[in-house]
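What follows is calculated from the coordinates using simple rules that are stated; it is not laboratory data. These numbers come from a predicted model, not from an experiment. Neighbour counts run over all protein chains shown; Cβ positions are idealised from the backbone, glycine included.
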Amino acid sequence: MISQEIEFFAPKLLSEALALLQRHAGSARPLSGGMTLVPMMTLGIAQPEVIVSLNHIPELDYVVETPEVIRIGAMTRHRTLETNTLIRRQFPLLADAASHIGDVQVRHRGTIGGSLAHSDPAADYPPIMLAAGARMKIASAAGERWVAAREYFKGLMQTDLRPGELLTEIEVPKLAGKFGCGYQRLHRIEGNFPIVNAAAVIEKGFRSVRLALGGVGETAILVEVEKHLKNGLSEAALQSVSDAAYAAAKDAPSDLNGDSDYRRAMARVYAQRAIKLAAAALPAN
Amino acid sequence: MKVPIEVVVNRKPHHVEVDTRTVVADMLRDQLRLTGTHVGCGTGSCGACTVMLNGRTVKSCCILAPDVDGQEIMTIEGLADDPHHLHPLQEAFVVNHGFQCGYCTPGMVLSALQLLNENPHPEETEIRRGIAGNLCRCTGYQFIIKSIKAAAETMAPKK
């Protein structure tokens, strides 16, 4: 059993949750799927005194489209993103990434908002958020604000979220028809976190290119490669992408899955693979 | 802190006083005495604690008991309608030697049920992905996969 005494709240409305998080700012943790937080509590690594469960707030669980964007509620489960027809059609990168997270049981319960709030440096979503140019909606009892993905990830498991605030929505642009996308991850065992992952989003005619890497630093990072691909794919362009990825991965950590040099070498490989995949997925004409 | 919850387990409503620090797996085992749900790692890796929550498999060691207030759970004890007969999946595991020590079996069977509910004719790779969240340290998985294939044959509507 978890040793820390917990005061538990299960609000049914977002407004109630935000009021609770404000009242208990500092001692409260919002609980979404709990796939990381609950084991951390069991192990005594996290010891929140107040839990505000978001699992009973239907208004945070949705996938909807507007003419330009897809809006994803923070409590949308990974399994929903993996199987949702709108996501699969308009943002297949995200469906693909979601399908690699943990296992079926974890994907049934874990949420995109929980994952992005936890912000593991090798998680599947962050490079995709960066490459796609996503925006995060952050709410508190005082109001709402929007943060671009590139401003959101701050450090090792650190985000722009402040005490009393909640990530409530992820907004991603519709990419189908105008962009080619690719996502690649290096892992040894089904369901494990990637050791290195890479996401690429290329606009038709190589008008814009965004490449992001995960697992090679304290947060996922964007790698500047657009200038190398002005004239499309070539051996020389891919070599430049590889060199840029290697340079950007200079702070890659060492652990039992691989040392820093290995991760930097894999950053080269996975950056090129993601770019090649995205280029191959570019819509014709 | 103790809170009262209402939870439907195996189609029966239960009123339970739970400590807010309790996870669902411990509530099922210690308070409802449904010991078919096993706890292996306690941290979401092994899948021995798999149950169905509102019809979808989850790891019950990673969900706080107060969070299932008003929800519906099915454990391995609720799989067969009649206590004197096995569900076709259980039958297939017995016939095909789909377990040795049996510790992972309740979770394996429920993961297999989830898979076959969504995909009545799975390929072997789909079976392997379907049980990726369940560790077995005895069988090497071959007989488990054989059991699930056999269950698919008997359970699925004929093609």
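Rounded to the nearest 0.05, what FRET efficiency do A:GLU68 and B:GLN31 have when you use their Cβ-Cβ distance and R0 = 45 Å?
0.35
Using Cα positions and a limit of under 18 Å, work out the lysines in reach of B:LYS149, with same-chain residues fewer than 8 apart set aside.
Leaving aside lysines fewer than 8 places away in the same chain, those within reach of B:LYS149 are B:LYS158, B:LYS159.
If the reach is capped at under 23 angstrom between alpha carbons, list the lysines near B:LYS12, excluding any in the same chain fewer than eight residues apart.
Straight-distance partners of B:LYS12: B:LYS2, B:LYS59.
A:GLU165's amide H: which non-local residues (gap 5+, or another chain) put their own amide H closer than 5 Å, with H modeled 1.01 Å from N in plane and none for Pro or chain starts?
Here nothing satisfies the definition.
Please list A:31-44, A:184-197 highest first by mean number of surrounding beta-carbon atoms within 10 Å per residue.
A:31-44, A:184-197
Using R₀ = 51 Å, calculate the FRET efficiency as 1/(1 + (r/R₀)^6) where r is the Cβ-Cβ separation of B:LYS2 and A:ARG145; round to 0.05.
My answer for the efficiency is 0.85.
For peptide A:37-43, how many partner chain Cβ atoms fall within 10 Å of a residue's Cβ, on average?
5
Mean Kyte-Doolittle of at least -0.5 and a Cα length of 18 Å or more along the axis: which whole DSSP H helices of chain A meet both? Show your work: numbers first, answer last.
Working: long enough: A:235-248 (20 Å, 0.39); A:260-280 (30 Å, -0.25).
Long hydrophobic helices here: A:235-248, A:260-280.
Once you average over the residues of B:62-73, how many Cβ atoms of partner chains fall within 10 Å of each Cβ?
Taking the mean over all residues of the peptide, I get 5.
Given labels modelled 7 Å from the Cα in the Cβ direction, how far is it in nm from A:GLU16 to A:LEU86?
Between A:GLU16 and A:LEU86, the label points sit 2.6 nm apart.
What 222 nm value per residue comes from the helices of chain A, counting each DSSP H run with n ≥ 4 as -39,500 (n - 2.57) and dividing by all residues, nearest 500 deg cm²/dmol?
-9500 deg cm²/dmol
Size of the dipole of segment A:128-225 about the Cα centre, Lys and Arg at +1 and Asp and Glu at -1 on the beta carbon, nothing else charged, in debye to 20?
Around 300 debye, computed over segment A:128-225.
With each pseudo-label sitting 7 Å past Cα toward Cβ, what's the B:ARG137-A:GLU59 distance in nm, one decimal?
Calculated label separation equals 4.8 nm.
For segment B:1-84, build the charge dipole from Cβ charges (+1 Lys, Arg; -1 Asp, Glu) around the Cα centre, then report which of B:ILE76, B:VAL18, B:CYS41 sits farthest towards its positive end.
Most positive-ward Cα: B:CYS41.
Run a plain Debye calculation on segment A:1-145 (Cα atoms as equal point scatterers, no solvent) and give log10 I(q)/I(0) at q = 0.12, 0.18, 0.20 Å⁻¹, rounded to two decimals, same order as the q list.
For segment A:1-145, the Cα-only Debye profile gives -0.51, -1.12, -1.33.
Can you pull the Rg over Rh of chain A, Cα-only, Kirkwood?
Rounded to two decimals, Rg/Rh equals 0.98.
Give, in nm to one decimal, the length gained when the segment between A:GLU203 and A:ASP251 is fully stretched (0.36 nm per residue of separation minus the Cα-Cα distance).
Full extension from A:GLU203 to A:ASP251 adds 14.4 nm.
Given Cα pairs under 8 Å that are at least 6 residues apart, what percent is the relative contact order of chain A?
16 percent
I want the antiparallel fraction of DSSP beta bridges within the protein assembly as shown, as a percent rounded to 5.
On the way: 55 of 64 bridges.
Roughly 85 percent of the DSSP beta bridges within the protein assembly as shown come out antiparallel.
With point charges of +1 on the Cβ of Lys and Arg and -1 on the Cβ of Asp and Glu, referenced to the Cα centre of the protein assembly as shown, which listed residue (A:PHE206, A:THR159, A:HIS108) lies farthest in the positive direction of the dipole?
A:PHE206
Residues of A:1-9, mean number of Cβ from any other protein chain within 10 Å of their own Cβ, rounded to a whole number? Spell out each step's value before the answer.
Values: counts 6, 7, 1, 1, 4, 7, 3, 11, 2.
Mean number of neighbouring Cβ atoms from other chains: 5.
So if I place +1 on the C-beta of Lys and Arg and -1 on the C-beta of Asp and Glu, and nothing else carries charge, what would the dipole magnitude of segment A:163-285 be about its Cα centre? I want it in debye, nearest 20.
Working: 15 positive and 14 negative charges, 122 e Å.
Roughly 580 debye for segment A:163-285.
Please list, or write none, the lysines whose alpha carbon is within less than 24 Å of the alpha carbon of A:LYS230, excluding same-chain residues fewer than 8 places away.
Straight-line reach from A:LYS230, under 24 Å: A:LYS174, A:LYS178, A:LYS204, A:LYS276.
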